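Just below is one structure, and these are the notes that go with it.
The values are calculated or read from the model by the stated rules, or taken from the named source; none is laboratory data. Here the structure is a predicted model, which is why all the values come from computation and not from measurement. Cβ coordinates were reconstructed from backbone atoms using ideal geometry, including for glycine residues, and neighbour counts include every protein chain displayed. Just the protein is used for accessible areas: all its heavy atoms, side chains included, with ligands, DNA and RNA removed. Shrake-Rupley method; radii C 1.70, N 1.55, O 1.52, S 1.80 Å.
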Amino acid sequence: DLSKGSKAFRIVSGFDVMFTACELGVFDLLLESEQPLSSDAIADRLGTSASGMERLLDACVGLKLLGVEMKTFYRNTELSNLYLTKSSPKSQYHNLMYYSKTVYLCWHYLTDAVRDGKNQYERAFGVSSKDLFGALYRSEEEMIKFMYGLNAIWSVCGRDVIAAFDLSPFTVIYDLGGCAGGLAQECISLYPNSTVTIYDLPKVVQVAKERFVPPEEHRITFHEGKLGSFCVSLPSVTLGGWGWGGGVTEQLWAAQSMLNC
């Protein structure tokens, strides 16, 4: 019973521990140091209390996010180097920060969602419960965080999604709700003879052009519009598919924050 209780406690507390260590830069510091560091050294370089940092690091060891040598010096695990450092090509840092600061807020109202049988946008974000985009994009800062987070997801699973079917016969592709272009970039990487047009809201397209898709990448273009009305304005294409709007990310959002309970 004790071991089962301990496992349950680790699951409950694990998210906050991981979010906090990522936000403070623990994993990035250990990667840059190229050697194990003491808790005092980490606390000093990150500007935290020594006792608080030691407890956080020990919690990370318990979650197997960090390793420890001689009970004193901490190092990253292979998992944390791959997914929790900002510089990794498969980094989930931005995704975790989005979950920590935005999606996680919805969990505070899970009890209300179960009782009411509807999403809790109004309580969590002060926007209409019917307005998905209003919640996701309630400010430019939130929109950019979401876009970085979505690209992080595609850096891990995008290649597998694109490779699930042979898309080589399709050279003109429309990515509906393609957001920051993470899936589109995986597509042209796997199928270099293809071109992808990202269809999304004007403000999303503008940020994607400025921050995510380099102007010299001519195989990715953009089409501004309103999701839900795309059928009247699409040119001739050989393949069209949903990016996040009707797919993986919306399902994750719904499951994680009880938007469609």
Checklist line | Accessible surface of the stretch 29-142 [probe 1.4 Å, protein heavy atoms]: carbon and sulfur percent | finding: 49
Next item on the list: Report, in debye and to the nearest 20, how large the dipole of the stretch 39-173 comes out about its Cα centre when Lys and Arg carry +1 and Asp and Glu carry -1 on their Cβ.
Entry: 80
Next item on the list: With a 1.4 Å probe and every protein chain left in place, work out the accessible area per residue of the stretch 73-213 in Å², rounded to a whole number.
Entry: 47
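List the trypsin sites (Lys or Arg not before Pro) within the stretch 63-127 that fall in a DSSP loop (any state other than H, G, I, E or B) and whose Cβ has at most 16 other Cβ atoms within 10 Å. Can you show the working numbers first?
Values: sites: K64, K71, R75, K86, K90, K101, R115, K118, R123; in loops: K64, K71, K86, K90, K118.
Sparse-neighbourhood loop trypsin sites (Lys or Arg not before Pro): K64, K71, K86, K90, K118.
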Next item on the list: Using the structure shown, select from K145/K203; K145/K226; K101/K130; K203/K226 the pairs with a Cα to Cα distance greater than 18 angstrom.
Entry: K145/K226; K101/K130
